[in-house]
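Okay, structure first, notes after.
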Amino acid sequence: MLSTAALNIYSMNPPPKITPEERRRRTADRLKTIRLRMAIGRELDNRGITIPAGIGAALGMPPAEAASLLNRRLWREGEVVLLEAVAARLGVQVSESARDNWSG
């Protein structure tokens, strides 16, 4: 049975809140990762690369890591840079949306 202190861990030390600027940056990053993943997936499909080993070889990383990168749902720091490097390796161009710089 858990103690009351264990149950109230967040009341003692709540997780830090992110600033509005950080939230906007993360939202812009999330949108960019979606565009990059879709463009990379399209390029792999166009090349007929569908098996994990082929995807890993095309992306220059182990198959499990490549699959995780392309299918990940949670935001992670540095993911945009990694996806941009993969897109460049494949020669994929992703257009920047005018809505990336939205203010609210």
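Values for this structure:
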quantity	calculated
Neighbours by Cβ (under 7 Å, 6+ apart or cross-chain): first from the stretch 75-87, within 10 Å of Arg37 (Cα to Cα); second of a type in the set (Gly, Ala, Ser)	Ala87/Ala39
Condition met for Arg26 (at pLDDT 90 or above and closer than 20 Å to Val80 by Cβ)	no
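The values are calculated or read from the model by the stated rules, or taken from the named source; none is laboratory data. It should be emphasised that the depicted structure is a prediction, and the values quoted were computed from it without experimental measurement. We place every Cβ from the backbone using ideal geometry, glycine too, and count neighbours over all the protein chains shown.
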